[in-house]
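K.L.:
Sharing a structure below in structure tokens format, with a few things to ask.
The values are calculated or read from the model by the stated rules, or taken from the named source; none is laboratory data. What you see is a predicted model; the values in this text were computed from it and never measured. A quick note on method: Cβ atoms are made from the backbone with ideal geometry, for glycine too, and the neighbour counts reach across all protein chains shown.
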Amino acid sequence: MADLKLTGITKAYGEVRVLRDIDLDIKAGELIVFVGPSGCGKSTLLRMIAGLERISGGTLEIDGARMNDVPPAQRGIAMVFQSYALYPHMTVRDNMAFALKIAKKSPEEIEKAVDNAARILQLTPYLDRLPKALSGGQRQRVAIGRAIVRDPKVYLFDEPLSNLDAALRVATRIEIAQLKEQMPDRTMIYVTHDQVEAMTLASRIVVLAGGGIAQVGTPLELYERPRNEFVAQFIGSPSMNLLSGEITATGAMTTVKLDGGGVAGVAIPTTREDMGLRVNLGVRPEDLVPTEGAALFTGKVDIVEALGEVTLLYFAPEGDVETGVVAKLPGIHRDIRHSTVKLAADPAKLHLFHEGRSLLYR
Ligand code: ADP
Ligand code: MG
């Protein structure tokens, strides 16, 4: 069992500050996912926890002990990387045993640890193969096996699925979830830029952006109650729509008149001082539904993507899909292109942001 405490963690390369004031409590047995766009500092943060990168400021504690200056090998941590870098001339068994041999463990101990890891990862039939005779997914499992044999208190994963094709990514993702279930008392920190991996694996997600933490929460907290527009648009696909407007009635329910002409009732309380406040109304594509009544949004469908289980409708002002509205309707909708559609949404599913921050969290 190991919990981790990050207090005011900062990282600078020379003048360039990559991370600032990261405060985070990770409880023993959690599977925490760091997610964020490429270059936001996810690997840097993970490598500081592993001891592979110097901590510029702040404190890292594992089980209450300060770790800043403790060498990586003494932190009780094992790390799995995106590029699994197996020794090509060694069998699966020898690849997994390597670190234990270096650590001068007894042959019996090594055999037991390797057999156990192989069983957990369903690699037993492949123990005598060379890496080149394995699929990409099996190779990544060997890399995870190298971590398991060391029986660390904390597992760190840095984008372990990024080199796999789409089908293998899903299969290996599910294996990692099952692996975690077999080790309920082990703490895992998993880095990805893929919000689907974050949503499916995490007990809690840490969204990193602009050198800091944009939000920490369970996957559904982030989906249902994003703190800011960044998290709102990062979690969920396609991204949440943001429609600019102004608050025209306050109270237990809030009314927003949108610049595009629609009016929305929102189940978020506001006060009289909020009258006239400029806001962005957030609505997820899957929460927009066709209506015959009062519409939140009316537009001509520019592009249709029929995915089978859902149809995506793109409303692209001046042909710009990125700034336009997207709706996701269940089922197949043919012949809807170029027609005008009126859309509404359940007031309880709507979000309100002022200057980028959610009005829910004032
Ligand atoms: P992520 O893993 O989220 O994609 P990284 O942690 O790898 O991001 O990098 C975060 C930022 O730190 C990037 O802007 C990157 O260019 C910078 N960076 C990483 N390593 C170094 C280094 N050794 N020297 C200078 N800048 C670095
Ligand atoms: Mg990275």
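K.L.:
Residue check, SER38 against (1) at pLDDT 95 or above; (2) surrounded by fewer than 18 Cβ atoms within 10 Å (Cβ to Cβ); (3) within 19 Å of the chain's Cα centre (by Cα), all met but one. Which one?
P.N.:
Just one mismatch for SER38, condition (1).
K.L.:
Return the only residue of LEU19, LEU24, LEU52, LEU60 being within 16 Å of ligand 2 (Cβ to nearest atom) and either outside any loop (DSSP other than H, G, I, E, B) or surrounded by 17 or more Cβ atoms within 10 Å (Cβ to Cβ) (or both). Spell out the reasoning first.
P.N.:
Working: LEU24 fails: within 16 Å of ligand 2 (Cβ to nearest atom); LEU52 fails: either outside any loop (DSSP other than H, G, I, E, B) or surrounded by 17 or more Cβ atoms within 10 Å (Cβ to Cβ) (or both); LEU60 fails: within 16 Å of ligand 2 (Cβ to nearest atom).
Only one candidate qualifies: LEU19.
K.L.:
Among ILE49, ILE77, which is in contact with a strand residue (DSSP E or B) (Cβ under 6 Å, 6 or more places away or on another chain) and touching a residue at least 24 places away in the same chain (Cβ under 8 Å)?
P.N.:
So the residue among ILE49, ILE77 that is in contact with a strand residue (DSSP E or B) (Cβ under 6 Å, 6 or more places away or on another chain) and touching a residue at least 24 places away in the same chain (Cβ under 8 Å) is ILE77.
K.L.:
(1) outside any strand (DSSP E or B); (2) more than 21 Å from THR200 (Cβ to Cβ): which one isn't true of THR311, the others all being true?
P.N.:
Here THR311 clears every test but (1).
K.L.:
For the range 145-191, give me each residue that is of a type in the set (Val, Ile, Thr) and either part of a helix (DSSP H, G or I) or closer than 19 Å to ALA99 by Cβ (or both). Can you show your working first?
P.N.:
First, pick out the residues of the range 145-191 that are of a type in the set (Val, Ile, Thr): 148-149, 154, 170, 172, 174, 176, 187, 189, 191.
Listed by number, the residues that qualify are ILE148, VAL149, VAL154, VAL170, THR172, ILE174, ILE176.
K.L.:
Please go through the range 263-284 and give me each residue that is surrounded by 20 or more Cβ atoms within 10 Å (Cβ to Cβ), of a type outside the set (Lys, Arg) and within 12 Å of LEU243 (Cα to Cα), ordered by number.
P.N.:
Residues satisfying the conditions are ALA264, VAL279, ASN280, LEU281, GLY282, VAL283.
K.L.:
Out of all the residues in the range 116-130, is one or more in contact (Cβ under 8 Å) with a residue 60 or more places away in the chain and closer than 25 Å to ASN95 by Cβ? Step through it out loud before you land on a result.
P.N.:
Restricting attention to the range 116-130, the residues satisfying the condition of being in contact (Cβ under 8 Å) with a residue 60 or more places away in the chain are 120.
Retained after the next criterion (residues that are closer than 25 Å to ASN95 by Cβ): 120.
Scanning the range 116-130 turns up at least one residue that is in contact (Cβ under 8 Å) with a residue 60 or more places away in the chain and closer than 25 Å to ASN95 by Cβ.
K.L.:
Still on this structure, I have one more. Are any of the residues in the range 288-302 surrounded by 14 or more Cβ atoms within 10 Å (Cβ to Cβ), small (Gly, Ala, Ser) and at pLDDT below 95?
P.N.:
Keep residues of the range 288-302 that are surrounded by 14 or more Cβ atoms within 10 Å (Cβ to Cβ), which gives 288-291, 295-299, 301-302.
Then keep just the ones that are small (Gly, Ala, Ser); that gives 295, 299.
Of the ones still in play, those that are also at pLDDT below 95 are 295, 299.
Yes, the range 288-302 has at least one match.
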